[in-house]
Amino acid sequence: MTTSTTEETAVAAETMFMPAPQAMVESALRAGCQLFCAYPITPVEDMTEYWLKRVPDFPGALSFIPESELESGNMMYGFAAAGKRVAFASTRAGMSLIHEAMGMIMGAELPCVLFNFPRAGGLSISQADYNVATKAPSHGDEKMFVLAPMGTQEAVDLTREAFYLADKFRNAVMIMADYTLGLTMEVVEFKPLDESDLPEKDWALTGDRTREARRSLAMAASGGVTAANMATGVDETVGTISGPEKSAWRRHAKYQSFEPRAELTHLDDAEAAGVAYGTVARMILPVLERLREAGHRVGMIRPITLYPFPSDVINEASGRMRLGVIECNTGQMVDDVRLAAQSSAAVEFYGRPGGAAPSPDEIEGELLRLLSSANSSSEGTA
Amino acid sequence: MTTTQEPLRALEPGAKSVFHRPDVFVEENTPWCVGCGYGAWSRVLVEELERLNPAKIAGTVDVACLEYMREVVPGDMLQALHGRAVSTARGLQLANPDAFTIAFQGDGGMLNEGLNEIIHLAASGQNVCVILGNNGVLGDTGGQFTMGAAEGLKTPTSPEGRNEAEHGSRIPIAEMLAMFPGTAFVGRISTHDPAYIYRSQKIIRKAFEANMAGAGFTFIECLTTCPTGWRLSPVESIKYQEEHILDKYPQEILKDWNEEARPPLHAPLAKRD
């Protein structure tokens, strides 16, 4: 594996005070990432510059800089196909530019890690890229695992783990940050991760001619039956369940096997709970504590995995409390919450799109309104 | 050296085998149409690969007729997206700098869908060999013209013939790429008749030798007939190739690699034992 010696060679201290994007790069290097693909776009340019500064301390890491996002996506495809660890970072349109390549990468089941810092048209927070990340990360049936850190330490830990998970599931993993996290600077600690259970990459295209040539990596991708599949005999059972169909179902089962994660705050006795992820959840936390101190029974569900979505937690909570989804968009995660809830009537939405962020007063007002609507509806049913 | 095999039929005493089918070809019928030029140059290309015998071979194929090269090349091959075979090969090469890396792209993929990628590769000087199969049409989808089509070529999307006023001019990609300092070798070949095939093989050999020496980016434009896409018989296609294409874009080395004048940018590649 590529990860064993990086901790020893790192000169940086185990605990550092640093901006979140740089901390994520440091974590990626320590995870054995060897190619960092990014095109300058705020706040990602700092990541490339930090990568180049640190590369000399990590043998095997390349100082190569791709010319564009479009090429990054496909270089990532080729690099990952060779079995080496690779990451891509961007925001908004830059993410859209690798959309096509991601279909190939996920169809061929290649590991890679993406850092996403969604922002609004100006330079401000946005969660408007929730749907594209969780619902349709490319053409086809493929899915990527989406992890949403709330702060710098969690971003570092999830980055470290993302490379492990990518290899374990042979799939793309996205760290869904946001522009505010991209501007955050905090003390972080870098911890090692045991990866000894990862299997050997016996599919990697290394060009080695002492073994049988490997040619089938992308052949079962969800494009279905192409002339090439037909000619090469990959799709030998057309008319019944074809190779590509079997393969699509197998990948579907793989996506389902990833266990969702969520953080539950003051949920046990809550009558109402906010549902939020990333920086928005972090904005809610101090408000939540203040309301709790004042005796209000409010809580919060923070999905850490946006895909797969922690539907079971939402479903259970929706049976005993009112849920208010707070997002920096016009309503995206709220659809998943409504699908998961026992009744969509139990779910409300408060959105601030276009670069706006809810103020603490707004959040407090929304949580209190939610609480009062929970109380009035429970009185109504009593 | 070319891998040899016993002749299928016993030779007369004193006779020797001078021509046989390369072992590396899989036991399949050709996937290409009758009269397609790809078959002939895929053979000379594989023979030259066998001759140089790299220890490691990795490559990519574009989505198009050329993707069948995946089955022909004796190495690890990756199917790329249309127009993205070059970037994908660059990623593979970054991960395997000790492998002979080759990318196959048609004119639709290279000159229409992904033109920026080949230019960036030429600028980078990465040690990748790129083969452009240029027949001027998108053969897989019924022969619509591409930016590699000759003036006058009649296709479903240029029914009156390709003309500059309406469709723009042919992109002279080989000439363009030869201008870059990062480009070690640029050649243009055609395999529409045996004499051309013979000379093509020598041009391919030179490109591959440059890659083996670590010279950097090499490029071969292979002008190819597409009787299906051109709506001509194989014989008419060859005539069209000679009269309308080869007169303007002759078979030649546009940029030769000279080791003394331009030392290799990269480490040489190992041969198989």
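The values are calculated or read from the model by the stated rules, or taken from the named source; none is laboratory data. Owing to the predicted nature of the structure, the values given are computational and were not obtained by experimental measurement. Here the Cβ positions follow ideal geometry from the backbone for every residue, glycine too, while neighbour counts run over all protein chains shown. What goes into the accessible areas is simple: the full protein's heavy atoms, side chains included, and nothing from ligands, DNA or RNA. Shrake-Rupley method; radii C 1.70, N 1.55, O 1.52, S 1.80 Å.
Within the bounds of segment A:75-97, is there any residue that is within 14 Å of chain B (Cβ to nearest Cβ), assigned to a helix (DSSP H, G or I) and either over 20 Å from residue A:171 (Cα atoms) or among the basic types (Lys, Arg) (or both)?
Here is the first cut: in segment A:75-97, the ones within 14 Å of chain B (Cβ to nearest Cβ) are A:75-88, A:97.
Among the residues that remain, those that are also assigned to a helix (DSSP H, G or I) are: A:75-81.
Still in the list and also either over 20 Å from residue A:171 (Cα atoms) or among the basic types (Lys, Arg) (or both): none.
No - not one qualifying residue is present in segment A:75-97.
Looking across segment B:81-99, the residues that are open to solvent by less than 10 Å² (accessible area, probe 1.4 Å) and more than 7 Å from chain A (Cβ to nearest Cβ) come down to B:83, B:85, B:86.
Return the residues of segment A:98-108 that are modelled with pLDDT of 95 or more and not in a helix (DSSP H, G or I); say none if nothing qualifies. Correct list: A:98 only.
What number of residues in segment A:20-47 are outside any loop (DSSP other than H, G, I, E, B) and either of a type in the set (Phe, Trp, Tyr) or surrounded by 20 or more Cβ atoms within 10 Å (Cβ to Cβ) (or both)?
First, pick out the residues of segment A:20-47 that are outside any loop (DSSP other than H, G, I, E, B): A:20-30, A:35-38, A:45-47.
Imposing the further condition that a residue be either of a type in the set (Phe, Trp, Tyr) or surrounded by 20 or more Cβ atoms within 10 Å (Cβ to Cβ) (or both) reduces the set to A:20-30, A:35-38, A:47.
Looking only at that region, the number is 16.
Of the residues making up segment A:55-74, just one is of a type in the set (Val, Ile, Thr) and in a helix (DSSP H, G or I), namely A:55. Which of the residues that make up segment B:114-125 are at the interface with chain A (Cβ under 7 Å from one of its Cβ atoms) and open to solvent by less than 10 Å² (accessible area, probe 1.4 Å)? Within segment B:114-125, B:117 is the sole residue that qualifies. A count restricted to segment A:119-143 and to residues that are crowded, with 24+ Cβ neighbours inside 10 Å and either in a loop (DSSP other than H, G, I, E, B) or free of Cβ contacts under 8 Å to residues at least 60 places away in the same chain (or both) stands at 4. For segment B:44-57, filtered to residues that are open to solvent by 10 Å² or more (accessible area, probe 1.4 Å) and touching a helix residue (DSSP H, G or I) at 6+ places or on another chain (Cβ under 9 Å), the residue that is nearest to the other protein chains (Cβ to nearest Cβ) is B:52. Checking the structure you have, find out if any residue of segment A:341-350 is more than 29 Å from residue A:116 (Cβ to Cβ) and surrounded by 15 or more Cβ atoms within 10 Å (Cβ to Cβ). Yes, there is a match, as at least one residue in segment A:341-350 is more than 29 Å from residue A:116 (Cβ to Cβ) and surrounded by 15 or more Cβ atoms within 10 Å (Cβ to Cβ). The sole residue among A:95, A:150 that is open to solvent by 10 Å² or more (accessible area, probe 1.4 Å) and within 24 Å of residue A:15 (Cα to Cα) is A:150. Considering only segment B:230-254, state which residues are under 16 Å from residue B:131 (Cβ atoms) and outside any loop (DSSP other than H, G, I, E, B). Correct list: B:253, B:254. Away from chain B (no Cβ under 14 Å) and under 17 Å from the mean Cα position of the chain (by Cα): does that describe residue A:47? In short, no.
Condition check for residue A:56 on (1) more than 25 Å from residue A:118 (Cα to Cα); (2) within 14 Å of chain B (Cβ to nearest Cβ): one failure, at (2).
Rundown of residues vs (1) touching a His at 6+ places or on another chain (Cβ under 6 Å); (2) more than 20 Å from residue A:85 (Cα to Cα); (3) of a type outside the set (A, V, I, L, M), yes/no style:
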| position | (1), (2), (3) |
| --- | --- |
| A:28 | no, no, no |
| A:32 | no, no, yes |
| A:40 | no, yes, yes |
| A:54 | no, no, yes |
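Residue-wise test of (1) at pLDDT below 95; (2) over 20 Å from the mean Cα position of the chain (by Cα); (3) within 22 Å of residue B:97 (Cα to Cα).
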| position | (1), (2), (3) |
| --- | --- |
| A:10 | yes, yes, no |
| A:19 | no, no, no |
| A:26 | no, no, no |
| A:30 | no, no, no |
| A:33 | no, no, yes |
| A:36 | no, no, yes |
| A:39 | no, no, no |
| A:53 | no, yes, no |
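I'd like to know if segment A:291-298 contains one or more residues that are touching a Pro at 6+ places or on another chain (Cβ under 9 Å) and not in a loop (DSSP other than H, G, I, E, B).
Step one: of segment A:291-298, the residues touching a Pro at 6+ places or on another chain (Cβ under 9 Å) are none.
Taking every residue of segment A:291-298 in turn, none turns out to be touching a Pro at 6+ places or on another chain (Cβ under 9 Å) and not in a loop (DSSP other than H, G, I, E, B).
Looking across segment B:159-191, the residues that are farther than 26 Å from residue B:231 by Cβ and not aliphatic (A, V, I, L, M) come down to B:175, B:180, B:181, B:182, B:183, B:185, B:187. Taking segment A:300-312 on its own, how many of its residues are open to solvent by 20 Å² or more (accessible area, probe 1.4 Å) and β-branched (Val, Ile, Thr)? Looking only at that region, the number is 1. Here residue B:60 meets the list (1) open to solvent by less than 30 Å² (accessible area, probe 1.4 Å); (2) within 11 Å of chain A (Cβ to nearest Cβ); (3) in a helix (DSSP H, G or I) almost entirely, failing just condition (3). Of the strands (runs of 3 or more DSSP E) that lie entirely inside segment A:170-286, those containing 3 or more residues that are open to solvent by 60 Å² or more (accessible area, probe 1.4 Å) and modelled with pLDDT of 95 or more span A:185-189.
Table: residues versus (1) at positive phi; (2) in contact with a strand residue (DSSP E or B) (Cβ under 8 Å, 6 or more places away or on another chain); (3) surrounded by 21 or more Cβ atoms within 10 Å (Cβ to Cβ); (4) not aliphatic (A, V, I, L, M).
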| position | (1), (2), (3), (4) |
| --- | --- |
| A:314 | no, yes, yes, no |
| A:324 | no, yes, yes, yes |
| A:338 | no, yes, no, yes |
| A:355 | yes, yes, no, yes |
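The number of residues in segment B:100-113 being under 24 Å from residue A:69 (Cβ atoms) and either facing chain A (nearest Cβ under 8 Å) or basic (Lys, Arg) (or both) comes to 1.
A quick yes/no check of all residues on (1) more than 19 Å from residue B:114 (Cβ to Cβ); (2) over 18 Å from the mean Cα position of the chain (by Cα):
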position	(1), (2)
A:72	no, yes
A:76	no, no
A:83	yes, yes
A:86	yes, no
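Might you check whether a residue that is outside any loop (DSSP other than H, G, I, E, B), in contact (Cβ under 8 Å) with a residue 12 or more places away in the chain and surrounded by fewer than 17 Cβ atoms within 10 Å (Cβ to Cβ) occurs anywhere in segment B:213-229? The answer is no, given that none of the residues of segment B:213-229 is outside any loop (DSSP other than H, G, I, E, B), in contact (Cβ under 8 Å) with a residue 12 or more places away in the chain and surrounded by fewer than 17 Cβ atoms within 10 Å (Cβ to Cβ). Total residues in segment B:87-118 satisfying the condition of being without any contact (Cβ under 8 Å) to a residue 24 or more places away in the chain and in contact with an Asp or Glu (Cβ under 8 Å, 6 or more places away or on another chain): the figure is 1. A single entry from A:82, A:89 fulfils the requirement of being of a type outside the set (S, T, N, Q), under 21 Å from residue B:86 (Cβ atoms) and out of contact with any Asp or Glu (no Cβ under 8 Å at 6 or more places or on another chain): A:82. If you go through segment B:192-212 and pick out every residue that is touching a residue at least 24 places away in the same chain (Cβ under 8 Å) and over 28 Å from residue B:120 (Cα atoms), you end up with 5.
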